[in-house]
Amino acid sequence: ENRNFAPGTNLRYVSSFNAISVKRTFNPSAFRCSWSDCQQYFSQAQANSQSKIANDPEVMALAVKLKQNHDPANTVIEFCRWLHQNIEYDDKVQHRTDDLTMTLRNRRGHCGHTAQLFHGLCRSVGLKSRDVLGLNLTDANGKKSNLPNEWGNVHIWAEVYFPKIGWIEVEPVNGEKCFTIPATFIQNN
């Protein structure tokens, strides 16, 4: 409506939409990406930004251990396998998502904690990664309950950059199937 409203007038706006998505998958064996490709890219990106290598010694040690004898894509799989097996989902965790030490120590957290730990592992070995923010549309209306602001479908996953390939979506808690993103994940950055 295009009319004058008195200050304090409450208006209600209702919208309806359909989201259409597909399951996405990446087959790392179909592409070649070497550590030297990643190091070259990461060094250039490092020089052009304020990105920093993870400085938590425990995260760095874990990343180096999991990387052994793996190419970049399989290192990502190893990171996700470890996260799947060692971090228990808990949406009641109180510490900040970027407190990697607490997440490692307590071995629990929600998707934000897991994504940040994944980023720390990636940075420790020279892989560039970033957040993907969106929804996991497990509930048709996008809501966890009937409360007005209870959006239970909010989800964070990640993307990792492979030179000569590009940004690839990763679900850090999916273990070996981390490169398979369900159609219910809708990106909304």
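The values are calculated or read from the model by the stated rules, or taken from the named source; none is laboratory data. Note that the coordinates shown come from a computational prediction; the quantities given were computed from them, not determined experimentally. Reconstructed Cβ throughout: ideal geometry from the backbone, glycine too, with neighbour counts over all protein chains shown. To get the accessible areas, we keep the full protein, side chains included, count just its heavy atoms, and leave off ligands, DNA and RNA. Shrake-Rupley method; radii C 1.70, N 1.55, O 1.52, S 1.80 Å.
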> Taking segment 10-27, which residues are modelled with pLDDT of 85 or more and of a type in the set (Val, Ile, Thr)?
Replying inline: Val22, Thr25
> Which condition breaks for Glu78 when tested against (1) in contact with a helix residue (DSSP H, G or I) (Cβ under 6 Å, 6 or more places away or on another chain); (2) acidic (Asp, Glu); (3) open to solvent by 60 Å² or more (accessible area, probe 1.4 Å); (4) closer than 22 Å to Lys177 by Cβ?
Replying inline: (3)
> Would a scan of segment 40-59 turn up a residue that is farther than 20 Å from Glu159 by Cα, at pLDDT 70 or above and open to solvent by 70 Å² or more (accessible area, probe 1.4 Å)?
Replying inline: yes
>> Condition check: among the charged types (D, E, K, R) and either within 29 Å of Ser36 (Cβ to Cβ) or at pLDDT 95 or above (or both). Does Arg123 satisfy that?
In response: yes
> Is it fair to say Ala30 is open to solvent by less than 20 Å² (accessible area, probe 1.4 Å) and modelled with pLDDT under 95?
Replying inline: no
> List, please: which pairs have Cβ atoms under 9 Å, are six or more places apart or on different chains, and start with a residue in segment 19-36 that is in a helix (DSSP H, G or I) and end with one that is open to solvent by less than 50 Å² (accessible area, probe 1.4 Å) and among the small types (Gly, Ala, Ser)?
Replying inline: Pro28/Ala73; Ser29/Ala73; Trp35/Gly126
> Considering segment 117-131 alone, what residues qualify as being farther than 17 Å from Lys65 by Cα and crowded, with 21+ Cβ neighbours inside 10 Å?
Replying inline: Ser129
>> Can you pull out every residue in segment 96-115 that is assigned to a strand (DSSP E or B) and open to solvent by 10 Å² or more (accessible area, probe 1.4 Å)?
In response: Arg108
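Can you confirm whether Phe118 is part of a helix (DSSP H, G or I), among the aromatic types (Phe, Trp, Tyr) and touching a residue at least 60 places away in the same chain (Cβ under 8 Å)? Don't jump to the end; show me each part of the working.
Working: part of a helix (DSSP H, G or I): yes; among the aromatic types (Phe, Trp, Tyr): yes; touching a residue at least 60 places away in the same chain (Cβ under 8 Å): no.
It is false that Phe118 is part of a helix (DSSP H, G or I), among the aromatic types (Phe, Trp, Tyr) and touching a residue at least 60 places away in the same chain (Cβ under 8 Å).
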> Restricting attention to segment 135-167, and to residues there that are of a type in the set (S, T, N, Q) and modelled with pLDDT under 65, which single residue is least open to solvent (accessible area, probe 1.4 Å)?
Replying inline: Ser145
